[in-house]
1. Based on this model, can you work out whether Arg205 counts as part of a helix (DSSP H, G or I), touching a residue at least 60 places away in the same chain (Cβ under 8 Å), out of contact with any Gly (no Cβ under 6 Å at 6 or more places or on another chain) and basic (Lys, Arg)?
2. May I ask you to list pairs of residues, at least six apart or on different chains, whose Cβ atoms are under 6 Å apart, with the first in region 52-69 being free of Cβ contacts under 8 Å to residues at least 40 places away in the same chain and under 17 Å from Thr291 (Cα atoms) and the second being among the acidic types (Asp, Glu) and surrounded by fewer than 17 Cβ atoms within 10 Å (Cβ to Cβ)?
3. If we scan region 329-345, do we find a residue that is within 21 Å of Leu247 (Cα to Cα), under 17 Å from the mean Cα position of the chain (by Cα) and either modelled with pLDDT of 85 or more or part of a helix (DSSP H, G or I) (or both)?
4. Between residues in region 129-155 that are on the phi > 0 side of the Ramachandran plot and in a loop (DSSP other than H, G, I, E, B) and residues that are among the polar types (S, T, N, Q) and surrounded by fewer than 17 Cβ atoms within 10 Å (Cβ to Cβ), which pairs lie under 9 Å by C-beta distance while being six or more apart or on different chains?
5. If you check Leu159, Leu164, which single one turns out to be surrounded by 16 or more Cβ atoms within 10 Å (Cβ to Cβ), in contact (Cβ under 8 Å) with a residue 60 or more places away in the chain, touching a Gly at 6+ places or on another chain (Cβ under 6 Å) and farther than 25 Å from Val94 by Cα?
6. Among Leu261, Leu223, Leu247, which is in contact with a strand residue (DSSP E or B) (Cβ under 7 Å, 6 or more places away or on another chain) and surrounded by fewer than 23 Cβ atoms within 10 Å (Cβ to Cβ)?
7. I'd like the residue in region 278-318 that is polar (S, T, N, Q) and in a loop (DSSP other than H, G, I, E, B) and, out of all such residues, is surrounded by the fewest Cβ atoms within 10 Å (Cβ to Cβ).
8. Counting just the residues of region 33-66 that are part of a helix (DSSP H, G or I) and of a type in the set (A, V, I, L, M, F, W, C), which one comes out surrounded by the fewest Cβ atoms within 10 Å (Cβ to Cβ)?
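The values are calculated or read from the model by the stated rules, or taken from the named source; none is laboratory data. Just so it is clear, the model here is predicted, and its values are computed rather than measured. Positions of Cβ are backbone-derived with ideal geometry, glycine not excepted, and every protein chain shown enters the neighbour counts.
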Amino acid sequence: MPVDGGRCPVRGGSAVPLGGPRFVTDPETLYREMRRDEGPVVPVELPGGVPAWLVIGYREVHHVTTEAETFPRDVRLWNQWENIPDDWPLLPMVGRPLPSIYFTAGAEHRRHAAMVGPALEKVDPFALRGTCEEIADALIDAFCHRGRADLVPAYANLLPVRVLARLVGFPDAEGARIAELLTLLADGGPEAQEAQNEFGAHMGRLLAVKRRTPGDDVASRMLADPEPFGDEEYVLDLMAVTAAGHLPTADWIGNSVRLMLTDARFAASLTGGRHSVAQAMNEVLWEDTPTQILAGRWAARDVYLAGRRIRAGDLLLLGLAGANADPLIRQSLPTEGGSGQGGNSAHFSFSHGEYRCPFPAQEIAEIIARTGIEVLLDRLPDVGLSVPADTLVRRPSPFLRGMTSLPVRFTPVPTAPTPGGPS
């Protein structure tokens, strides 16, 4: 029997507002209270009074992401379209019925994945690490002589997108602006849709350039795929690859460095230890994952989930952070000290199932994040916070969790030697 007598947020009833300061300042306690009061499937209300379900149970997230036919990522099924204004600020995050790898389902999604996946698989991990080191050194060179920096705007928010610029094929000079646009898009504010439009224009220009002069990059390999795609499809898939590659990776870097600067367990990393970098990065994926909530899945038919009556067309949001913290699963996982899960990678930080982050993309993100952190610690071995840890501010979004600022101090150091030049 359903625990709520069939209550559904689409049909009325109480719902938890999906927003507000607690999603930013204390999500752990908030998810714990949700689980206590509502169970693993929570009726929530998005800005504008839009109803949805937030799935925060580990087993329930696993079920929803595994049962792709019952819960497809097909935004066309949404039973709320008549209530969604064209300027709704969360549309870039939730999606429109568009022909991209991210907003298609079933056979059409697999068609896009068969084009994007091989283009990413051909990225050479050794060459990628070299590119990361080169760009990381250049970014650090811009502030290493000052003894102070804000690592979010000066480093974490620039490294992934500039590396992706090389991989995808757009000019290095566009990286900083694309990073700004993606932040506006992810925060879901009034500028989100304008940012998305400008982001799309960047990718449209890239597509035109690569048609004329293809190169050894992801965009050119996508265009070379024998399956025919339209220009809109290429642009949308390039947007998806770049956004999904940059935003979580930038926050992965920022959250990991914050952890290493505020937790004594990782002090060894600051004196040259490398094993702790991987440990910190994995702990972040469990405890402080960049993608807190992922939109979305839509019920293909009426169904019950954890006793909740889910109507056909209801939106389900994947509460990845809530599921990672589910005590039912955490009790059964081995730990290696502290609050993290050691080397266990059974978290949902890359989602799960048919629509999970592709494995080549996961590898690219890990190489960028780990290399970026290691180069930073190699270059600035005595780096430390320059403000109290409890004054650090998080991104104002329930969907993505990252730092808006990470002020640090360190002993000023010279710029990196030019390859092949005098040491």
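1. So Arg205 does not fit the description; no.
2. none
3. No, the conditions are met nowhere in region 329-345.
4. Gly147/Thr411
5. Leu159
6. Sole residue among the options that is in contact with a strand residue (DSSP E or B) (Cβ under 7 Å, 6 or more places away or on another chain) and surrounded by fewer than 23 Cβ atoms within 10 Å (Cβ to Cβ): Leu261.
7. Across region 278-318, the extreme among qualifying residues is Thr289.
8. Step by step, filter region 33-66, then rank; the result is Met34.
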